Amino acid sequence: EHPALPELRVSFECAGGSGDAHAYVVSLRVQQAAQMLRDNQINLSEAVTWYTSVIGVTTSANAAADLQDALDETLTTLVEAWTAANAETERGG
């Protein structure tokens, strides 16, 4: 068992454009140990098991708020996906 897993990784990537335009990507991923269902002898010590990202364009004045909104969106997507997956598990699906 890996002591650093599961891991929730948030990445911010930004690039300057023309004028005051800045492109950005905010990504969120879950990395954890995994086992193949069809062959349980295959174990992965580290695998990305969930990923989402938001791409956008902003200005210097709005960058902090837009990046925060993008992060909030990725976290909401994760929570909704986790809730749906665990609701299926609880129902036996």
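Rounded to the nearest 0.05, what FRET efficiency do Ala65 and Glu13 have when you use their Cβ-Cβ distance and R0 = 22 Å?
Working: r = 18 Å, r/R0 = 0.80.
So the FRET efficiency works out to roughly 0.80.
All other residues whose Cβ lies under 14 angstrom from that of Asp72 are scored, Lys and Arg at +1 and Asp and Glu at -1, for a net of -4. Angle, helix 63-90 long axis vs. longest principal axis of the chain, Cα atoms, 0 to 90°, nearest 10? Around 20 degrees separate the two axes. Where (1) 13.4, 44; (2) 14.2, 42; (3) 17.3, 55 are the candidate values, the label of the one calculated here for Rg and Dmax of the Cα atoms in Å is (3). Annotation: peptides 47-57, 24-34, ranked by per-residue average of other Cβ atoms within 10 Å with the highest first, follow the order 24-34, 47-57. Using a simple spin-label model with pseudo-atoms 7 Å out from Cα toward Cβ, Val79 and Ala23 lie 3.1 nm apart.
Each reported figure results from applying straightforward, stated rules to the coordinates on display, with no laboratory input. Since the model is a prediction, treat every value here as computed from it, not as a measurement. Heads up, the Cβs are rebuilt from the backbone with ideal geometry, glycines too, and the neighbour counts pull from every protein chain shown.
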